[in-house]
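Visitor: One structure, as structure tokens, below. Some questions next.
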Amino acid sequence: MQIVEDNYNSSFFHDQLIYWHIHNNHRQMPWKAETDPYRIWLSEIILQQTRVEQGLAYYERFINNYPTILSLANANDTDVFKLWEGLGYYSRCKNLLSTARQIATEYAGIFPATYDTILKLKGVGPYTAAAISSFAYNLPHAVVDGNVTRVLARYFGMDVAIDSTAGKQVFLEKAQRLLNKEAPGKYNQAIMDFGATVCKPQVPLCEECFLQTNCSALLTNQVQLLPVKSKKNIRRNRWLNYIIIQFGEGVYIRKRQGKDIWQNLYEFLLLESEHAVSAEELLDLDILAYLKAEKFTILHSSEVRKQVLTHQLVNGLFIHLMVYSPIYIPGYEWIDLKKLDRFPFPRFINSFLDIYPLKP
DNA sequence: AATACGGGGAA
DNA sequence: TTCCCAGTATT
């Protein structure tokens, strides 16, 4: 890459981007022009690896239920996870609560206002710290998200892998050099909106793009090849079979623990298997021995259901049983069906309950 | 340095 | 199916 040409391109790129942002960027979002760091932080956590359209409703619900960081800090965990239910990446929710409480106790409820202190907060990495710093406090820190790496990779013809350690450093430095130090928030907003609405991943609008005359990828016909990603995702198969054991008007559930998917969400009696198993085989397992001592009735046995996650393909079936005396299952608790909707469940379970509602 | 962590929308 | 989304924490 030529240094001189790079400098020329950089100033053209920067000026055009700001011009577009002021005159032709019509993307609306409720947290735009927001100055409350709590709201900015909340929106940024929700939007990590999440499309704006998907996160929007969650943001509104959180603001309605918890208008201040102190109200969030004082909330009860299950209620907050219930609000987060279905959004995915549930460690974000855990860290959200943790940070709200830390700010309540250690910062007297006042959101920290420097990049380094913000970066230390749980759930806040380089991207989110730069976003909060620039949007809430107009501090000169460039955001580097998926939009930014894509835009920079294409416009400047950067073919270093965006998911390599070296690549991340290169893009961060490039973004930081391009940043308008006078209006960092405005510049950060501009480049992300541009990436999301014009320089899109699959079908970018190059024909109507105001940067087309200087875009390296477009000029060398590499738009579809940039940015470069080195790692490929592996998806493993998994079989999660659930036994819904009902006694009276309640069922047995537990909160998921340990380092696995769906931490802090709830589930029914889980029987994980290495391969697909039938309902008959499941009910034959030793783990259900204590059930055999009791009289029970099979009310329903579902088809195999599937859910695609980023690193797993979850398969499994649901069996609904009725028992006629209370049973003890270590780690599980009996919950009245009328209260079941207070508990957050993974999508895999909720999608089954949608077609097979549990009624008292 | 590599990997896991959800769910949804678009092609 | 595959890709990718206003990334981060953990190993």
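The values are calculated or read from the model by the stated rules, or taken from the named source; none is laboratory data. Quick caveat, the model's predicted, so the values are computed rather than measured. Here Cβ is always computed from backbone atoms with ideal geometry, including for glycine, and neighbour counts include all displayed protein chains. With ligands, DNA and RNA removed, areas are computed over all heavy atoms of the protein, side chains included. Shrake-Rupley method; radii C 1.70, N 1.55, O 1.52, S 1.80 Å.
Visitor: In the stretch A:22-58, which residues are open to solvent by 30 Å² or more (accessible area, probe 1.4 Å), within 16 Å of DNA strand B (Cβ to nearest atom) and charged (D, E, K, R)?
Guide: A:Arg27, A:Arg51, A:Glu53
Visitor: Pull up the stretch A:258-271, narrow it to residues that are open to solvent by 40 Å² or more (accessible area, probe 1.4 Å) and at pLDDT 95 or above, then point me to the one that is farthest from A:Pro360 (Cα to Cα).
Guide: So in the stretch A:258-271, the residues open to solvent by 40 Å² or more (accessible area, probe 1.4 Å) come out as A:258-260, A:263.
Those left that are additionally at pLDDT 95 or above: A:260, A:263.
Working: A:Asp260: 31, A:Gln263: 27 Å.
Of everything passing the filter in the stretch A:258-271, A:Asp260 is farthest from A:Pro360 (Cα to Cα).
Visitor: Give me a count of the residues in the stretch A:234-256 that are buried (at least 21 other Cβ atoms within 10 Å of the Cβ) and within 23 Å of the chain's Cα centre (by Cα).
Guide: 1
Visitor: While we're here: Are any residues in the stretch A:73-94 touching a Leu at 6+ places or on another chain (Cβ under 9 Å), open to solvent by less than 30 Å² (accessible area, probe 1.4 Å) and near DNA strand B (Cβ under 8 Å from one of its atoms), and if so, which ones?
Guide: Answer for the stretch A:73-94, where residues must be touching a Leu at 6+ places or on another chain (Cβ under 9 Å), open to solvent by less than 30 Å² (accessible area, probe 1.4 Å) and near DNA strand B (Cβ under 8 Å from one of its atoms): A:Gly88, A:Tyr90.
Visitor: Related question: For the stretch A:142-233, which fully contained helices (runs of 4 or more DSSP H) count at least 3 residues that are open to solvent by less than 50 Å² (accessible area, probe 1.4 Å)?
Guide: Helices (runs of 4 or more DSSP H) meeting the threshold: A:146-155, A:165-178, A:184-197.
Visitor: Exactly one condition in (1) in contact with a strand residue (DSSP E or B) (Cβ under 7 Å, 6 or more places away or on another chain); (2) within 16 Å of DNA strand B (Cβ to nearest atom); (3) free of Cβ contacts under 8 Å to residues at least 24 places away in the same chain is not met by A:Gln257; state its number.
Guide: In the conditions (1) in contact with a strand residue (DSSP E or B) (Cβ under 7 Å, 6 or more places away or on another chain); (2) within 16 Å of DNA strand B (Cβ to nearest atom); (3) free of Cβ contacts under 8 Å to residues at least 24 places away in the same chain, A:Gln257 misses (1) alone.
Visitor: Only one of (1) more than 30 Å from A:Leu139 (Cβ to Cβ); (2) away from DNA strand B (no atom under 16 Å from the Cβ); (3) under 26 Å from the mean Cα position of the chain (by Cα) fails for A:Asp193. Which number is that?
Guide: (1)
Visitor: Can you tell me which residue among A:Glu280, A:Glu274 is without any contact (Cβ under 8 Å) to a residue 24 or more places away in the chain, surrounded by fewer than 12 Cβ atoms within 10 Å (Cβ to Cβ) and more than 16 Å from DNA strand C (Cβ to nearest atom)?
Guide: Answer to the check: A:Glu280.
Visitor: Anything in the stretch A:234-277 that is of a type in the set (Phe, Trp, Tyr) and not in a strand (DSSP E or B)? List them, or say none.
Guide: A:Trp262, A:Phe268
Visitor: Out of the stretch A:113-141, which residues are within 11 Å of DNA strand C (Cβ to nearest atom) and either outside the structural domain of A:Val198 (by TED's automatic domain parsing) or open to solvent by 40 Å² or more (accessible area, probe 1.4 Å) (or both)?
Guide: Hits for the stretch A:113-141 are A:Leu119, A:Lys120, A:Lys122, A:Pro126, A:Tyr127, A:Phe135.
Visitor: Here's something else I'd like to know. Considering every residue within the stretch A:317-328, establish whether at least one is out of contact with any Pro (no Cβ under 6 Å at 6 or more places or on another chain), more than 12 Å from DNA strand B (Cβ to nearest atom), of a type in the set (A, V, I, L, M, F, W, C) and open to solvent by 60 Å² or more (accessible area, probe 1.4 Å).
Guide: Within the stretch A:317-328, not a single residue is out of contact with any Pro (no Cβ under 6 Å at 6 or more places or on another chain), more than 12 Å from DNA strand B (Cβ to nearest atom), of a type in the set (A, V, I, L, M, F, W, C) and open to solvent by 60 Å² or more (accessible area, probe 1.4 Å).
Visitor: Check A:Tyr19 against each of (1) within 16 Å of DNA strand B (Cβ to nearest atom); (2) hydroxyl-bearing (Ser, Thr, Tyr); (3) open to solvent by 30 Å² or more (accessible area, probe 1.4 Å) and name the one condition it does not meet.
Guide: (1)
Visitor: Among the residues of the stretch A:302-311, is any over 33 Å from the mean Cα position of the chain (by Cα) and of a type outside the set (Val, Ile, Thr)? Explain how you work it out, then say what you get.
Guide: The initial filter retains those residues of the stretch A:302-311 that are over 33 Å from the mean Cα position of the chain (by Cα), namely none.
Scanning the stretch A:302-311, I find no residue that is over 33 Å from the mean Cα position of the chain (by Cα) and of a type outside the set (Val, Ile, Thr), so the answer is no.
Conditions tested, residue by residue: (1) on the phi < 0 side of the Ramachandran plot; (2) open to solvent by less than 90 Å² (accessible area, probe 1.4 Å); (3) assigned to a loop (DSSP other than H, G, I, E, B); (4) in contact with a strand residue (DSSP E or B) (Cβ under 6 Å, 6 or more places away or on another chain).
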| position | (1), (2), (3), (4) |
| --- | --- |
| A:Glu303 | yes, no, yes, no |
| A:Gln307 | yes, yes, no, yes |
| A:Lys338 | yes, no, no, no |
| A:Pro357 | yes, yes, yes, no |
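Visitor: Taking only the stretch A:22-35 into account, find how many residues are more than 26 Å from A:Cys209 (Cβ to Cβ) and more than 11 Å from DNA strand C (Cβ to nearest atom).
Guide: Adding up the residues that qualify gives 1.
Visitor: Next question. Please pick out the residue among A:Tyr8, A:Tyr38, A:Tyr19 that is among the hydroxyl-bearing types (Ser, Thr, Tyr), more than 25 Å from A:Lys200 (Cβ to Cβ) and away from DNA strand C (no atom under 16 Å from the Cβ).
Guide: A:Tyr8
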